[in-house]
Every structure is written in structure tokens, then in C-alpha cells.
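Have a look at the structure below before the remarks.
The values are calculated or read from the model by the stated rules, or taken from the named source; none is laboratory data. Values in this document were obtained by computation on a predicted structure and should not be read as measured data. No Cβ is skipped: glycine too gets one built from the backbone with ideal geometry, and neighbour counts run over all protein chains shown. For the accessible areas, the whole protein counts, side chains as well, though only heavy atoms, and no ligand, DNA or RNA atoms are used. Shrake-Rupley method; radii C 1.70, N 1.55, O 1.52, S 1.80 Å.
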Amino acid sequence: MRREISLLSEGYDSLREAWFERYRVEVVAVEDPTRAPRLVVTAEQVSDRVRAGEPLAVRVERGGEVELGSTRMRFLGHSTKHIDAGESPPLLVAVEYQPLRAEPERFETNVGTEAGAQRWRWRDYQFTIEAHAFDAWMQLSIARLELEPVRR
């Protein structure tokens, strides 16, 4: 995977962080930039712990968008898959994430049946479907997950 990351001088827009699935790298500083430049970065990974605070509650219609900081998530729709008689149909969710100055990321996942929690993760976001109308809308609870340092 390749990602753009930058720490530019004042007056320019820096892109200080890059994500690699469940890992986040952030530029902290550039030391001695004119003689012997050295980049100082932090690397963190997403934990399973939910950050303190209330999750964001949002309803999104098919084709609608949700703002996630500097990223927009667009709800593309629902689908399901063929099942045998007597089985509960799983819900498939299709979304597209548009991070700042990056290529869009299309994401389709099986969130399970209504018998359990229907949720998925992207970066440090955890999405839980509270209610939905098939291929029309979703009521989401969006929590943030804690980051922890990457162990060497």
C-alpha cells in the first residue's frame, strides 16, 4: 500500500496522517530540514476499546453522505445473498469513503443477520446499524475506537 503524507511549511495544507487498514501513521515533525532532514512519526493501531463519549447517531438515505472528520462516507445500498430455506438472510452494506486528497475507497461487507448486532469497522470508526429499511436508509450509531502505540 502507498499513501501520501506530508508536513509542509506554514501556508500550505499538510496531510499529516496516512492509514494502512487498522494502522495510522502521523508525521510529528521534521528535524533539521536543511542539513540532515529526519522525519519523526508516530505509528498507532486501532484497538477494540470504544473511546469515551457518546457515539454519533445519524440517519443516512441511500445515496446520502455522512461527514466523518475529513472523510465523507456515502451509503451506496444494501443487498443480500442467496440462502437455503429456513436460514435468515444476511444484510450486505455497500459504502464508499472519500478521504481528503485520496482515492475513494469502496467497501462492501456482510454485517450478519438481525439476530445479532449488525456492525462493521473502517479505520477507527465502528458503525452499528440501529434500524434500516432495505436498500433505502440506515439509522447508525457511529463510535470511535481508541488507538494504541504499535509495539516494536
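Looking at region 4-44, the GluC sites (Glu not before Pro) that sit in a DSSP loop and have at most 16 other Cβ atoms within 10 Å of their own Cβ are 4, 10, 21.
With a probe of 1.4 Å, find how much accessible area the chain has per residue, and write the answer as a whole number in Å². Write out the running numbers ahead of the final one.
On the way: 9900 Å² over 152 residues.
Ligands and nucleic acids excluded, the result is 65 Å² per residue.
Sequence-distant contacts, meaning Cα pairs under 8 Å at least 6 residues apart, place the relative contact order of region 1-86 at 15 percent. Shape summary: region 47-122 maps onto an equivalent ellipsoid whose semi-axes, from the alpha-carbon gyration tensor, are 25, 17, 11 Å in decreasing order.
With all protein chains in place and a 1.4 Å probe, the accessible surface of the chain carries 48 percent carbon and sulfur. Under 10 Å, Cα contacts only: if you run a Gaussian network model on the chain, which one of 141, 88, 47 comes out with the highest mean-square fluctuation? Ranking 141, 88, 47 by mean-square fluctuation puts 88 first.
Would you report the distance distribution of C-alpha pairs in region 84-152 as whole percents per 5 angstrom bin, up to the bin with the largest distance? Using 5 Å bins, I get a P(r) of 3, 13, 20, 23, 16, 12, 7, 4, 2, 1 for region 84-152. Among the listed options (1) 70, 32, 30; (2) 48, 41, 29; (3) 51, 36, 24, the one matching Cα extents along the principal axes in Å as calculated from these coordinates is (1). Projecting the Cα atoms of 19, 97, 57 onto the charge dipole of the chain, computed from C-beta unit charges around the Cα centre, puts 19 farthest toward the positive end.
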